[in-house]
Structures are given as structure tokens and as C-alpha cells.
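Below: the structure, in C-alpha cells.
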Amino acid sequence: KKDKKTMYVQRHEHTMQLDPVQIADRTNGLSLSMFQEEFLAFQNDKTPLNFLACLRIKGALDINALQSALDGLIARHEALRSVIVLQADRPALKIRSNSEFKLCEVDLSGNSSAEAEALERIQAQRTIRFDLKNDSLMRTVLYKLSDDDFILSIILNRLIADRRSIRIIEHEII
């Protein structure tokens, strides 16, 4: 009778030798996935499907450190530097080599209903369509409610994000 370890080794001795994965050429646009193509084809002009993540930050905040964290995030994830272009009459994902990303800051600290106004603005931002050809497919706004209370909203276009990627981004920023 063979133990599980021996069976595992024997089963894997006969695996195929695969060629290494080649890095895709980034100088031209990359083909969209079937989901992305369908999403573009059936996207409703009135209701953009964007993902939203909000992080409440309490305490002192170094905005330069937050900007650096977001810059690092964008540097690591190509999708966050992407735009949609036409290539041979088909949409393609064009990855920009660098991103001129600037965190948008809104100071609501003088407003007695700062939190309510921030939440209203976040919901309004969520419904704004992305300019797929020219804009980053991620928008972030930092709402300052007081000197030690902030809301960071991150809105991602569904072409480059899903719920799991939102959780990854939240984790990387925190």
C-alpha cells in the first residue's frame, strides 16, 4: 500500500513541461476580456457601473504619505494606469507607462453637516461616467471632515475592478 506522499510524487512525475509565460507587449493595447467587451457593448449610458470603496480615517493624517501610498498602488497595478483605445476598430486596454495621479482633496471642515455632505458628494461621484479614452479608471477623493476625521473615497470602473480587487486596494492602502 502506498502512502499519500508517494502517490503525490508519482502522479506529478508525469506532468507536462510547459514553456515559461511570456510577458505581453505593452507598447500596443491589450485585448479586452470577453467580460470587458460585453460590458462596453451593453453599458447603460444612464447608470455607470462603478465600484465604490470608502475608508474612514480618524486621527492625524499625513496627506503626502497617503499620496505616496496611492502612487505606489498605481505603480504596482497596471489596470489603474489604463485607458481604453481603439485598435484595429476594436477596444483595447492601453497601459500608460506612468500616471500623473493627484489625490483630490475637499475640505468640508467648516461645514456643520460635513459627513452628510461628504456622503452626498460620494454618491454623486459614483454615478459620474469615466472618460475611458482619457481618464484613469480610478478616482479618489479625500474629504476632510475635521482636523482628525477624513473619508477617502475610491471609485473604480468595472472594466478594471471587481469586489475582490476593491478589497485588495483597501488592504494595500491601510
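Rule-based calculations on the coordinates, nothing more; no lab input. Source: prediction; values computed, not measured. So basically every Cβ, Gly included, is an ideal-geometry build from the backbone, and we count neighbours across all protein chains shown.
To the nearest 20 debye, what charge dipole does the chain have about its Cα centre, counting +1 at the Cβ of each Lys and Arg and -1 at the Cβ of each Asp and Glu?
Numbers: 25 positive and 25 negative charges, 187 e Å.
So the dipole magnitude of the chain works out to roughly 900 debye.
Among the GluC sites (Glu not before Pro) within the range 27-99, not one is in coil by DSSP while having at most 15 neighbouring Cβ atoms inside 10 Å. Please work out which option in (i) 1.19; (ii) 1.13; (iii) 0.95 gives Rg/Rh (Cα atoms, Kirkwood Rh) calculated from these coordinates, and answer with its label. So the calculated entry is the one marked (ii).
Determine the gain in length on full extension of the stretch HIS171-ARG76; use 0.36 nm per residue of separation and subtract their C-alpha separation, reporting nm with one decimal. Numbers along the way, then the final one.
Numbers: separation 95, 0.36 × 95 = 34.20 nm, distance 1.38 nm.
The HIS171-ARG76 span can extend by a further 32.8 nm.
For the pair ARG126 and LEU55, the difference between a 0.36 nm per residue extended length and the Cα-Cα distance amounts to 24.1 nm. Using just its DSSP H runs of length 4 or more, each adding -39500 (n - 2.57), the chain gives a mean residue ellipticity at 222 nm of -10000 deg cm²/dmol after division by all residues. Across the alpha-carbon atoms of the range 51-135, the computed radius of gyration and Dmax are 16.3, 53 angstrom. Taking label points 7 Å from Cα along the Cα-to-Cβ direction, CYS104 and ALA41 give a separation of 3.2 nm. Think of the chain as a dipole: +1 on every Lys or Arg Cβ, -1 on every Asp or Glu Cβ, centred on the Cα centre; then among ALA116, VAL85, GLN22, GLN22 lies furthest on the positive end. The mean sequence separation of alpha-carbon pairs under 8 Å and at least six residues apart, normalised by the residue count of the range 57-126, gives a relative contact order of 20 percent.
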